[in-house]
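Asks: What follows is a single structure, and I will ask about it in a moment.
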Amino acid sequence: LLDRADKYDARDVERLQQDDQWVESFLVWRHDVVDDTLKMIDESLQWRKEYTVNDLTESALPRCLFESGALFLHGYDKEGYKLFWFRVKHHVKDPKQQLEKKKLVAFWLEHYAKRDHGKPLTVVFDMSETGISHIDLDFVRFIVNCFTDYYPNFLTKIVIFEMPWIMNAAFKIVKGWLGPDAISMLKFTNKSDVHEYISAEYLPPHMGGTDSFKYSYPPLVDDDFQTPLCENGPIASEDEHESKEEIEADTKEPGELSEEPNPNQKKMNSVEQISKSEETDKTEIKPKNAKKALTTFKGPLLHISPAEELHFGSKESGEKKCLIVLTNVTKNIVAFKVRTTAPEKYRVKPSNSSCEPGASLDIVVSLHGGFAASLQDRFLIMAAEMDQSTAAGVPELTQFWKEVPRTKVMEHRLRCHVVESSKPSSLTLKESTFNIPAKPNEDLHVQLTRLLQINKRLQEQIDRCLWFQQLSLVLSLLSVTVVAFCFYLAYVQRS
């Protein structure tokens, strides 16, 4: 592949040499067949250069494509995978804009892949109120090819909602483009059974759900934190709300919680309930026997442990707290704040503070009331460097977040994982937990993938051994039967 480097973007070649997990995702998607894997990598890298995937930005695409609302990311399915929506009724076939529309698909996929480190997603083709005028097989084929050829191990399923009967013939053609693995991912649904894959909270009313979300642009809503992709920073109304919230938090007692989250900020409300007195006793929050994280996200400003998931227990197991460890790897003070998609469930201490150069700081995330963690819950950690001369009190932090450029803010997202066992394998706060040495160069997901591959190969070897054993047994029985029959014939002839 490196001999053909002139056909690829140099950044992709560098990533191919350094990112073992990316290479392994190609290998897993092609069932460990090396020739098929190399072919897919070659095609993917050529495609990425042709569509300038690494340079696709919001400003590089026509504004009207974003405004149409035909493509967007929003919500999660029942397995916790992000939903990639294609509202077919908003798609108009236009040969002049076909290339830009394809780049829009690539923009969304690349943006999400970088943001959530390649976590798979679910595609939803919402075909309600569509007809023959909306059929664009070339565009559909492009979307399918993105998952089967260019983004390995990136697709969980394709949910097709209310496909008109007139499109049956067209989708027979689509099935012909899919391999057997991809065909098994097709889920044809209507109002009565779409709930098997997506809960009502993330389904719009016309699909039988209760989600009041309505796509609009700008800002470009790309996740449940409502973080805009615009380069001019957060929207003003969001900052004003946060400022007000921080002032109110300063007047509260350390243990006091916000009883009523603002209904207008259901999905963009940050969990910022900290006061100065809470910051001073944060050393008392740290548990004595907290379990070490198995993985660490190494960002340019902060190292964050755990890297990907916060492990909470079920209602039965009773695990209600998790620990996030932030380590400042810069020579300046780093300001940070934490947001969640479910502010009514969680309390984060501290949620808006700063970390000294080279220091580590513990953040305790706790469930309160009768709430239970959900796979759909997410946390966002935002960080930015401050000048050494800048104070780090609450007023200064409020002003700092209003002025800091968007391009200088580091963002990292964490998912929730619910552990049924009473002894979860995550960074939970439990007195009986013990320290596990960290493996800084090993990613838990990679280890698990490798173990699954080894297990699959061992299972195949065992199956072959059993087959040979059974064959040998049958042949042995046949041999004994033949010998016995020969003896019987000899005995009959003599007598």
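The values are calculated or read from the model by the stated rules, or taken from the named source; none is laboratory data. This is a predicted model, so every value here is computed, not measured. No Cβ is skipped: glycine too gets one built from the backbone with ideal geometry, and neighbour counts run over all protein chains shown. Surface areas here come from the heavy atoms of the whole protein model, side chains and all, with no ligands, DNA or RNA. Shrake-Rupley method; radii C 1.70, N 1.55, O 1.52, S 1.80 Å.
Asks: As a quick test, which of the pairs Lys114/Lys408; Lys157/Lys321; Lys39/Lys187 have an alpha carbon distance above 26 angstrom in this structure?
Replies: Violating the 26 Å limit, Cα to Cα: Lys157/Lys321; Lys39/Lys187.
Asks: Please calculate how many Å² of accessible area the stretch 297-418 carries per residue, with a 1.4 Å probe and no DNA, RNA or ligand atoms counted.
Replies: 36
Asks: Quickly rank 329-337, 402-410 as a protection proxy: mean count of other C-beta atoms within 10 Å, highest first.
Replies: Ranked by mean Cβ neighbours within 10 Å, highest first: 329-337, 402-410.
Asks: Can you give me the Kirkwood hydrodynamic radius for the stretch 1-123, using every pair of distinct Cα atoms, in Å to one decimal?
Replies: 16.1
Asks: Also, quick follow-up: Along its three principal axes, how long is the stretch 297-418 when you only count alpha carbons? Whole Å, largest extent first please.
Replies: Ordered largest first, the stretch 297-418 gives principal extents of 49, 27, 22 Å.
Asks: Lys78: net charge of surrounding residues, Cβ under 15 Å, Lys/Arg +1, Asp/Glu -1, itself excluded?
Replies: Counting the neighbours of Lys78, the net charge comes to -3.
Asks: Same structure again: Under the rule of at least 5 residues apart or a separate chain, name every residue whose amide H is placed under 5 Å from the amide H of Ile160.
Replies: The answer is Phe125, Lys187, Phe188, Thr189.
Asks: Sticking with this one: Looking at the stretch 297-418, send over the antiparallel percent of its DSSP beta bridges, to the nearest 5.
Replies: Approximately 90 percent, going by the DSSP bridge assignments.
Asks: Arranged from highest to lowest average of other beta-carbon atoms within 10 Å per residue, in what order do the peptides 57-66, 370-379, 454-463, 357-366 appear?
Replies: Top of the packing list down: 370-379, 357-366, 57-66, 454-463.
Asks: Can you compute the label reach from Tyr488? Point 7 Å from Cα along the Cβ direction, backbone N cut-off under 13 Å, restricted to the stretch 452-479.
Replies: Once the point is set 7 Å along Cα→Cβ of Tyr488, nothing inside the stretch 452-479 turns out to lie under 13 Å by backbone N.
Asks: Could you derive backbone 3J(HN,Hα) for the stretch 148-155 from the dihedral phi with the Karplus parameters 6.51, -1.76 and 1.60 (θ = phi - 60°), listing whole Hz in sequence and x where the residue is Gly or Pro?
Replies: Values per residue, Gly and Pro as x: 7, 10, 10, 10, x, 6, 10, 10 Hz.
Asks: With Kirkwood's inverse mean 1/r over C-alpha pairs for Rh, give me the Rg to Rh ratio of the stretch 56-207, two decimals please.
Replies: Working: Rg = 14.7 Å, Rh = 15.9 Å.
On the Cα set of the stretch 56-207, Rg over Rh gives 0.93.
Asks: Here's another thing I want to ask about it. Quantify, in whole percent, the carbon and sulfur part of the accessible surface of the stretch 1-129 (1.4 Å probe; protein heavy atoms only).
Replies: Roughly 50 percent, rounded to a whole number.
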